[in-house]
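Data first, discussion second: the structure below is written as C-alpha cells.
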Amino acid sequence: MDVLAQEAISKNYTPGMQIIVAKKGKVIYDKVFGTQDIHKRQKLNWDHLYDVASVTKVVASVPLIMKEFEAGKITFEQTLGELDSDLKTTNKNGLKVKEVLAHQAGLAPWIGFYKETVNVKNARLYLDFYSRRQDEEHTIKVTDNIFIINSIKDSIYEDIAKSPIGKKVYEYSDLGFYIFQKRIENDYKKSYQELLQEKFYQPLGMYHTMYNPKDKFDLEVIVPTAYDKTYRNQLIHGYVHDQGAAMMGGIAGHAGVFSNAIDLAKLMQMYLNKGFYGGQQFIKSEIIDQFTAKQYPNSNRGAGFDKSLIKSIKGASNDAFGHYGFTGTMVWADPKYDLVYIFLSNRVNISEDNNLLSSKKVRENILQLIYDSFLP
C-alpha cells in the first residue's frame with residue numbers, strides 16, 4: 001500500500017493522500033503521504049481537510065434522508081411532485097424517490113448553471129449576477145471576492161424543473177440531491193450545515209467535517225483543491241470545487257463537504273454498525289439495510305450508495321457499499337468483513353484534466369490489497 005501511494009505521488013497522479021483502514025472497529029492502517037499541493041510547500045497531515053466532492057452525497061444528504069424516512073416524511077415510493085409542489089406540473093412529478101437515489105430516474109447528469117452567468121472562455125463574470133462586495137442583493141458568497149445574486153437559487157431550481165428526462169436506465173446525476181436538500185431544509189427550517197452538525201457530526205466526534213471550512217479553520221489546514229480557469233478564475237482553496245455547490249453558497253446536497261479520513265471513518269463505521277456508534281443509535285438498523293442494499297437488478301447502486309466495485313474487487317461481499325468523489329476521494333465499507341476504507345486526495349490540483357488516479361485505479365488497487373491481506 002505504501003508503495004502504491006508513493007508511486008501515485010511520484011508520477012503526479014495526485015500531490016498527496018490520506019488513507020485509513022479499519023477492521024472490526026479498530027484502525028489498522030492510518031497514513032498520510034505527500035504534500036497539500038503541486039508546489040510541495042506544505043507536508044500533508046492527518047488533520048488537514050479535503051473537499052470530498054460527491055462523497056458529500058453519502059456523508060450529508062443520505063443520512064439526513066434516512067432521518068426523514070425514520071420520521072415517515074419520505075418513502076421510496078413517494079414522487080418528486082409529492083416532495084416538492086413546484087415539480088407537480090413538470091416532467092419530474094412522477095419520478096420516485098427510489099429511482100432518484102439509485103440514479104435510475106432519467107434525470108440529466110449535470111447542468112452547468114454557472115455557464116449562464118459567466119463568459120467561460122475568459123472567466124469574466126456577468127455583472128447582472130455578481131458583485132465583488134457583499135450587499136443586500138448579493139449575500140451568497142462564492143469566494144472571498146465573488147458574491148452572487150440572491151435569486152440564483154430559484155433560478156437553479158427552475159433549471160432543474162425544466163431539464164429533460166431520459167430513459168429510466170442507470171445514469172449518475174447530481175440533480176435529485178438539490179431537490180432533496182430543498183425539501184429537508186424546508187422541513188426543518190435549518191440549513192444542511194446546521195442539521196448535520198446537530199444530528200451527526202458533533203455527536204459522532206466528526207469535528208473536522210463541515211461545509212465552508214474557512215469559516216472555522218485556518219487555510220493552512222485546508223488542502224487547496226484546483227485552479228478554476230472557467231468560472232472563478234482563481235485557486236479554489238477553502239471553498240467548494242463544484243460550481244453548482246459554489247452558487248448555492250458552498251452548501252449543497254451533492255457536493256461541498258470538507259473532511260479528513262479519520263472523521264469519515266467514524267461515519268462509515270456508524271453505517272457498518274447498523275446506525276449505532278459511541279453508545280447512540282443514530283439511524284434505525286432496518287433503514288441502513290434498505291439504503292445500502294442494491295435497488296435494481298440491472299444496476300450497481302444502493303439508495304445513494306455505490307456498489308459497483310463488488311464486481312471488480314476480488315473478495316468484496318455483496319453487502320459492501322461506498323462512494324467516489326470527483327476530486328480524488330473514496331469511502332468504502334464491507335459489513336461481511338467489518339471493513340472500512342477511506343481514501344482522500346486532490347488529484348485535480350495537478351490539473352482539472354488529470355485523470356491518472358482513476359485510469360491507473362490507484363484507489364481500487366489499494367482496496368484490493370486490503371482484501372488480499374485477509375482473504376485466501
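On the stretch given as the stretch 88-116, residues that are touching a residue at least 40 places away in the same chain (Cβ under 8 Å) and either assigned to a loop (DSSP other than H, G, I, E, B) or farther than 30 Å from residue 142 by Cα (or both) total 16.
Just one of (1) charged (D, E, K, R); (2) surrounded by 16 or more Cβ atoms within 10 Å (Cβ to Cβ); (3) within 20 Å of residue 258 (Cα to Cα) fails for residue 190. It is (2).
A Cβ distance below 8 Å, combined with a sequence gap of six or more or placement on separate chains, defines the contacts here; from the stretch 126-141, residues that are without any contact (Cβ under 8 Å) to a residue 60 or more places away in the chain and open to solvent by less than 90 Å² (accessible area, probe 1.4 Å) reach residues that are in a strand (DSSP E or B) and of a type in the set (S, T, N, Q) in the pairs 138/131. Please tell me if residue 304 is open to solvent by less than 10 Å² (accessible area, probe 1.4 Å), within 21 Å of residue 277 (Cβ to Cβ) and either part of a loop (DSSP other than H, G, I, E, B) or out of contact with any helix residue (DSSP H, G or I) (no Cβ under 8 Å at 6 or more places or on another chain) (or both). Here the answer is yes, as residue 304 does meet what is asked. Counting only residues that are open to solvent by 10 Å² or more (accessible area, probe 1.4 Å), of a type in the set (Phe, Trp, Tyr) and either under 16 Å from residue 268 (Cβ atoms) or part of a helix (DSSP H, G or I) (or both), the stretch 281-301 holds 0 of them.
When each of 49, 83 is tested for being aliphatic (A, V, I, L, M), in contact with a Phe, Trp or Tyr (Cβ under 9 Å, 6 or more places away or on another chain) and either more than 19 Å from residue 251 (Cα to Cα) or at pLDDT below 95 (or both), the lone residue that passes is 83. Residues that are farther than 20 Å from residue 302 by Cα, out of contact with any helix residue (DSSP H, G or I) (no Cβ under 7 Å at 6 or more places or on another chain), among the charged types (D, E, K, R) and open to solvent by less than 50 Å² (accessible area, probe 1.4 Å) within the stretch 319-362 are absent altogether.
Taken over the stretch 1-59, residues that are under 30 Å from residue 293 (Cβ atoms) and either of a type in the set (D, E, K, R) or in a loop (DSSP other than H, G, I, E, B) (or both) amount to 9.
Total residues in the stretch 294-318 satisfying the condition of being within 17 Å of residue 77 (Cα to Cα) and of a type in the set (Gly, Ala, Ser): the figure is 3. Being closer than 13 Å to residue 52 by Cα, without any contact (Cβ under 8 Å) to a residue 60 or more places away in the chain and buried (at least 19 other Cβ atoms within 10 Å of the Cβ) is a condition met by at least one residue of the stretch 199-210.
Residues are listed down the side, and each one gets a yes or a no for (1) free of Cβ contacts under 8 Å to residues at least 12 places away in the same chain; (2) on the phi > 0 side of the Ramachandran plot; (3) part of a loop (DSSP other than H, G, I, E, B); (4) of a type in the set (Ser, Thr, Tyr):
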{"site": "220", "(1), (2), (3), (4)": "no, no, no, no"}
{"site": "240", "(1), (2), (3), (4)": "no, no, yes, no"}
{"site": "249", "(1), (2), (3), (4)": "no, yes, yes, no"}
{"site": "252", "(1), (2), (3), (4)": "no, no, yes, no"}
{"site": "258", "(1), (2), (3), (4)": "no, no, no, no"}
{"site": "270", "(1), (2), (3), (4)": "no, no, no, no"}
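In the set 19, 38, only one residue is within 26 Å of residue 211 (Cβ to Cβ), in contact (Cβ under 8 Å) with a residue 24 or more places away in the chain and open to solvent by 50 Å² or more (accessible area, probe 1.4 Å); that residue is 38. Only residues that are more than 25 Å from the chain's Cα centre (by Cα) and charged (D, E, K, R): list them for the stretch 111-151, please. Matches in the stretch 111-151: 121, 124, 128, 132, 133, 135, 136, 137. Residues in the stretch 74-91 that are under 27 Å from residue 155 (Cβ atoms) and open to solvent by 80 Å² or more (accessible area, probe 1.4 Å): 82, 85, 86, 88, 89. You will find that of 74, 65, the residue that is modelled with pLDDT of 95 or more and in a helix (DSSP H, G or I) is 65 and no other.
Looking only at residues in the stretch 92-104 that are under 13 Å from residue 179 (Cα atoms) and open to solvent by less than 50 Å² (accessible area, probe 1.4 Å), the one that is nearest to the chain's Cα centre (by Cα) is 101.
The values are calculated or read from the model by the stated rules, or taken from the named source; none is laboratory data. The shown structure was predicted, so the numbers you read here are calculated from the model rather than taken from an experiment. Using ideal geometry, Cβ is built from the backbone for each residue, glycine included, and neighbour counts are taken over all protein chains shown. Side chains are part of the model used for accessible areas, which takes the heavy atoms of the whole protein and leaves out ligands, DNA and RNA. Shrake-Rupley method; radii C 1.70, N 1.55, O 1.52, S 1.80 Å.
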